[in-house]
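The values are calculated or read from the model by the stated rules, or taken from the named source; none is laboratory data. Remember, predicted model here, so these are calculated numbers, not experimental data. As a convention, Cβ positions derive from the backbone with ideal geometry for all residues, glycine included, and neighbour counts pool all protein chains shown.
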Amino acid sequence: MKTIKFFIASFAVLFFFASTERASAQLQAPTPSPAATVSQVVGFTKINIDYSSPAVKGRKVFGELEKYGTPWRAGANAATIIEFSTPVNIGGTNLRPGKYSIFITPNESGDWTFHFNSKGNSVFAYMKDGKIDMDALGKDLAVSVNTTPEKLDKTKERLQYYISAEDNKVAKVSMAWENVKVSFMVDTQVDQKMESFKGAF
């Protein structure tokens, strides 16, 4: 009986160490720019943003890492994707429900620009001879909107997106990183949808 118990205990110990070694072999270091998601329902519309969150890490981000006047993917790793569950209006342009990739063009002085790519492509899909082909990029843009950047009092180490429901009709979407915050407004067209609903009866 003692021999059987000893055999079972030994097998259990060996199994434990073998499992631990396999788990250690599969464990990878955390990604430098972890994936993040933020979502908010505004009016009848769910707004969702999937992005990666890079860190400043002591670098000068805007103007050096991300050049002024050059569209940037508004995050890291894959394209930053915003999704609307219903039609919305941004900058006076009606957008269909679905997914759009976001690019941002930072500027040293004056407004920055948010670009919404209708195909959900990465900004790198428009690279030609080491530069962004602005003509090709422009063909796939659903809308571009200018926004005035806000200076932050404290450095924002990791890039982060926020969605505010405001009056539950218009959403304010903001991106903050390093010492800058930029925002754009999304009209979820609550009144128009209510009128359409009434008109159906």
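Observations, loosely collected:
Matching residues to (1) modelled with pLDDT under 90; (2) in a strand (DSSP E or B); (3) under 21 Å from THR37 (Cβ atoms):
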| position | (1), (2), (3) |
| --- | --- |
| PHE116 | no, yes, yes |
| VAL145 | no, yes, no |
| LYS156 | no, yes, yes |
| VAL173 | no, yes, yes |
| ALA176 | no, yes, yes |
| ASN179 | no, yes, no |
| SER183 | no, yes, yes |
| LYS193 | yes, no, no |
| PHE197 | yes, no, no |
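- Note on the range 141-168: residues that are surrounded by 17 or more Cβ atoms within 10 Å (Cβ to Cβ) and among the charged types (D, E, K, R) amount to 1.
- Residue check, SER122 closer than 28 Å to GLN192 by Cα and among the hydroxyl-bearing types (Ser, Thr, Tyr): no
- Answer residue from the range 47-63, given it is buried (at least 18 other Cβ atoms within 10 Å of the Cβ) and hydrophobic (A, V, I, L, M, F, W, C) and is nearest to the chain's Cα centre (by Cα) among those: ILE49
- Residue within the range 171-179 that is loosely packed, with under 15 Cβ neighbours inside 10 Å, in contact (Cβ under 8 Å) with a residue 40 or more places away in the chain, within 17 Å of GLN40 (Cβ to Cβ) and not charged (D, E, K, R) present: no
- Restricting the range 64-80 to residues that are touching a Lys or Arg at 6+ places or on another chain (Cβ under 8 Å) and in a loop (DSSP other than H, G, I, E, B), the residue that is surrounded by the most Cβ atoms within 10 Å (Cβ to Cβ): ALA79
- In the set GLY110, GLY120, only one residue is surrounded by 14 or more Cβ atoms within 10 Å (Cβ to Cβ) and in a loop (DSSP other than H, G, I, E, B); that residue is GLY120.
- Scanning the range 90-136 for residues that are under 19 Å from the mean Cα position of the chain (by Cα) and among the aliphatic types (A, V, I, L, M) yields ILE90, LEU95, ILE102, ILE104, VAL123, ALA125.
- Positions within the range 90-102 being out of contact with any helix residue (DSSP H, G or I) (no Cβ under 9 Å at 6 or more places or on another chain) and either assigned to a strand (DSSP E or B) or surrounded by 15 or more Cβ atoms within 10 Å (Cβ to Cβ) (or both), in sequence order: ILE90, GLY91, THR93, ASN94, LEU95, GLY98, LYS99, TYR100, ILE102
- Every residue from the range 123-132 that is over 15 Å from TRP72 (Cβ atoms) and either assigned to a helix (DSSP H, G or I) or not basic (Lys, Arg) (or both): ASP129, GLY130
- Qualifying residue in the range 43-50 (condition: more than 22 Å from ARG158 (Cα to Cα), assigned to a strand (DSSP E or B) and of a type outside the set (A, V, I, L, M, F, W, C)): yes
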